[in-house]
Amino acid sequence: MPVFALYLALHHAGLTLETDGHKLTATPANRLNDELRAGIRQHKPALIELLQSAHHTTGRLLDWVVDLDPDTSAATALRFRSASLDLDDTARVSQASIDAGTQTPQQKAQHDPTE
């Protein structure tokens, strides 16, 4: 199954995927079947990349909304900018740890149900 088809199958099964750059978590785990588990194992790096790309895109969209909407209040603009920067930081830290081949202590302590 291609990666995006797997992602859609996971979504249609009511699963949410999250990543920190190393770990991939699908919740609620009780909705995983053997086929989905096998797909996650097979495509884990590509799924992580897909999620990180989505984080980056979301950050850019938040920036765009703030820049183009003249009715955006200062407080809303700050929340959007903060959310965008948080997404960028998360993606940057994840990519740096992947590039370095290291894991944070939190990543090491967490169990990956797809492994």
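No lab work stands behind these numbers, since they all come straight from the coordinates. Please read all numbers here as calculations on a predicted model, not as lab measurements. Note: ideal-geometry Cβ built from the backbone for every residue, glycine included; neighbour counts use all protein chains shown.
Simple spin-label estimate for Leu68 and His12 gives 3.1 nm between the two label positions (7 Å along the Cα-to-Cβ direction from each Cα). For region 1-84, applying the loop criterion from DSSP together with a ceiling of 14 other beta carbons within 10 Å to the chymotrypsin sites (Phe, Trp or Tyr not before Pro) yields no site.
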